[in-house]
Structure formats: C-alpha cells, structure tokens
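*Asks:* One structure coming up, written as structure tokens, with questions to follow.
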Amino acid sequence: MDKIKIAAVVGPTASGKTALGAYLAKELGGEVISADSMQIYEGMDVASAKPTTEEMLGVPHHLIGIIPRCEAFSVARYTELAREKINEITARGKLPVLVGGTGLYVDSLLNNISFSENEADQALRAELFEKAERMGAQALWEELKLIDPESAERIEPNNVKRVIRAIEVYRTTGITMTEQNRRSKLTPSPYNAVKIGLKTADRRKLYDRIDLRCDKMIEAGILDEAREVVFDETIGETAKKAIGCKEFAPYFNGEQSLEESLEILKRETRRYAKRQLTWFLRDENITWYNIDEMSFEEIKRNALELIRSNLDIE
C-alpha cells in the first residue's frame, strides 16, 4: 500500500512556521494540521500565537482551539486526533501540511509511535507527586535515570509530569518507556513525510525575533488572556503552565512590575526555543533553511520545489 504523503514545517517559536505552512498548503492544495501543544486549547490565542484569519490565507487549519482549558491533554490523544485529520484531508484529495514546534507531537505522529493503554495508577501517581514535593524534582529524575536512562536523557528534570509518567509506565508494566517506544516503531510509519525546518544561523537573531514577538503580545492583549488563565480556578494545570500566562502572575499579585514580568517572559521563551532546536536538530531527515541567510521568498521557492520533487506533486 502506498504511504500517505505529508509535508511538515517545524522549528523554534518565532521562526516563521505559520506563514510558511499556510503558503505551502495554499500552493499545494493542502490543509494545515497544527502540532502545537498550546494552540490546541481554546482561548490561548495570544500566548500560543494562533494564526489569524489573514495568516491562514484561506487555507483550512485543524486542531486549533478545540480543547477546553479545563481538560488535560496528552500526546497519545494528539496523535489520535491528528491521524483522523490526515485521513480526512487525504480522502478529500488534499495534502496534509503539519505545522508546529512541539517536537514530541511531530515525532510521535510521523514515526507512528503507539502508546500504552494501561490505566493510570492513581495511588502510584500521587505517591510520586508527593515525593517530588518532599524531595524535589531532581530526586525523582534520578530515580528515572536508574530505571530508564534514555528517557531521563530526553526529559528535563523539572518536567515533573513527564518524569512521573515514565516511572509510572515502568512500575505498572515492567517495561521502560524507551523499550515501549522501540517496540512501537517496529510497525512502519504509514507516512511519506517531507520535513522542513526553520532556524537562524545566528541564535541571537532568533532571540531578537522572540523579544519583538513578546513586545507585540502586550499590544495584542496578552494581559487579559493571562489574567483569566491565572485566576480562573476551572482552568487545568496544563493550560496554566503555558508560557505567556504564568509569567504575569507575580505582576497581577503586585510582586513585580510589568517590565520585569515581560523580561521573564522573553527569557523563558528563549529557553523554550533552545529546547525546541535541541529536539529537532537531532532529526537527520529535516531539511533546514536559515531565515537570517535567505529571504522568505527564497525559502518558499526552495521548500515548494523540495516537497513537489520528493512527494511527486505537480
């Protein structure tokens, strides 16, 4: 059976993925599927830099603003929804164009990683969260490192939720998450994917773009959005941890100035971009374009030609 053709545009925040993805989808008769862990939520428009109607260029965009902020959301649920959308788009004779910077979502989808259906052990989860609070996130990460060093290398110590999930998988199944991922990859991916990445040759130039985007977020109304997320008790923990919202909590509480909160937002966004780059640069199948060395017009032409030639699209 022929593999499903798909194009993907990845890279760090503020690199221009949204614009390139919409352009490629329009030129190739495609539809965009978001691969962003925060754009999936309702009402996180400014914080997650959701594309505007103008930026969508008349192209259908999927998996944006469809999950209530009170709900938790997982990579397993994302791959399920994305696969459904890919099948729908392909059935219409259109090209799915995956656009986003959440590397775990992109890799899990395109590499056809399956996820264990084991029910969560709530008692074990509570025990691990209690340990993290009592002994610190580092201690919990050290436990994971002993059990599953490869997962520990992928997961940052302060990402307590993912550390706990990896330990939970091992404790409840006797099989590490690394081994589960390896086994899941034994089933070939159904996708023939062309992956395009955007970055800068000079990291400072990316950081300048990030700083400018953060400044524009103030003008776009990020404070109203962040205030609602911070103080609405019905909003879930996943949404509350979104970059662009939690950084303003000290400002709302009178603990620091708006300027200080904005600087923290810029710093945290730069750190996030660095983590995104670290993730994607490991993928040898991504064709990279440096946005500070090529004009956007050049990148569009090159990306379009690459996809057409590799996927045999007219």
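*Asks:* Among the residues of the range 282-293, which ones are in a loop (DSSP other than H, G, I, E, B) and loosely packed, with under 14 Cβ neighbours inside 10 Å?
*Replies:* Once the filter is applied, which keeps residues that are in a loop (DSSP other than H, G, I, E, B) and loosely packed, with under 14 Cβ neighbours inside 10 Å, the range 282-293 yields ARG282, GLU284, ASN285, GLU293.
*Asks:* Kindly indicate whether any position in the range 64-79 is buried (at least 21 other Cβ atoms within 10 Å of the Cβ), under 14 Å from the mean Cα position of the chain (by Cα) and of a type in the set (Phe, Trp, Tyr).
*Replies:* Yes, some residue in the range 64-79 is buried (at least 21 other Cβ atoms within 10 Å of the Cβ), under 14 Å from the mean Cα position of the chain (by Cα) and of a type in the set (Phe, Trp, Tyr).
*Asks:* Would you pick out the residues in the range 67-96 that are of a type in the set (A, V, I, L, M, F, W, C) and touching a Gly at 6+ places or on another chain (Cβ under 7 Å)? Steps first, answer last, please.
*Replies:* Looking only at the range 67-96, we keep the residues that are of a type in the set (A, V, I, L, M, F, W, C), and these are 67, 70, 72-73, 75-76, 81-82, 86, 89, 91, 95.
Within the range 67-96, CYS70, ALA72, LEU95 qualify.
*Asks:* Still on this structure: Filter the range 219-236 down to the residues that are among the β-branched types (Val, Ile, Thr) and surrounded by 15 or more Cβ atoms within 10 Å (Cβ to Cβ), then identify the one that is farthest from the chain's Cα centre (by Cα). Don't jump to the end; show me each part of the working.
*Replies:* Applying the first criterion (among the β-branched types (Val, Ile, Thr)) to the range 219-236 yields 222, 229-230, 234-235.
Next cut, surrounded by 15 or more Cβ atoms within 10 Å (Cβ to Cβ) only: 222, 229-230, 235.
Values: ILE222: 20, VAL229: 19, VAL230: 21, ILE235: 20 Å.
So the residue we want is VAL230.
*Asks:* Pairs under 9 Å by beta carbon, first residue touching a residue at least 40 places away in the same chain (Cβ under 8 Å) and closer than 19 Å to LEU98 by Cβ in the range 294-314, partner among the hydroxyl-bearing types (Ser, Thr, Tyr) and surrounded by 15 or more Cβ atoms within 10 Å (Cβ to Cβ), six or more apart or different chains?
*Replies:* The qualifying pairs are ILE299/TYR289; LYS300/TYR23; ALA303/TYR23; ALA303/TYR289; LEU304/TYR23.
*Asks:* Right, next: Filter the range 237-265 down to the residues that are free of Cβ contacts under 8 Å to residues at least 40 places away in the same chain and in a loop (DSSP other than H, G, I, E, B), then identify the one that is surrounded by the most Cβ atoms within 10 Å (Cβ to Cβ).
*Replies:* Among those residues, the one meeting the criterion is GLN256.
*Asks:* Moving to a separate point now. So GLU55 clears everything in (1) touching a helix residue (DSSP H, G or I) at 6+ places or on another chain (Cβ under 7 Å); (2) closer than 25 Å to VAL169 by Cβ; (3) surrounded by fewer than 16 Cβ atoms within 10 Å (Cβ to Cβ) except one condition, right? Which one?
*Replies:* All conditions are met except number (2).
*Asks:* Scan the range 184-195 residue by residue and report those that are surrounded by 13 or more Cβ atoms within 10 Å (Cβ to Cβ) and modelled with pLDDT of 75 or more.
*Replies:* Of everything in the range 184-195, those that are surrounded by 13 or more Cβ atoms within 10 Å (Cβ to Cβ) and modelled with pLDDT of 75 or more turn out to be SER189, PRO190, TYR191, ASN192, ALA193, VAL194, LYS195.
*Asks:* Okay, next question. Kindly establish whether PHE129 is outside the structural domain of VAL9 (by TED's automatic domain parsing), of a type in the set (Phe, Trp, Tyr), closer than 27 Å to LYS240 by Cα and at pLDDT below 85.
*Replies:* Working: outside the structural domain of VAL9 (by TED's automatic domain parsing): yes; of a type in the set (Phe, Trp, Tyr): yes; closer than 27 Å to LYS240 by Cα: yes; at pLDDT below 85: yes.
When the stated conditions are applied, PHE129 passes them.
Residue by residue, here is whether (1) more than 12 Å from THR102 (Cα to Cα); (2) surrounded by fewer than 24 Cβ atoms within 10 Å (Cβ to Cβ) holds:
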position	(1), (2)
ILE6	yes, no
VAL10	no, no
GLY16	yes, yes
LYS26	yes, yes
GLY29	yes, yes
VAL32	yes, no
TYR41	yes, no
MET44	yes, no
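The values are calculated or read from the model by the stated rules, or taken from the named source; none is laboratory data. This structure is a prediction, so every number in the text was calculated from the model and none was measured. Methodologically, a virtual Cβ is constructed for each residue, glycine included, from the backbone with ideal geometry; neighbour enumeration extends over all protein chains shown.
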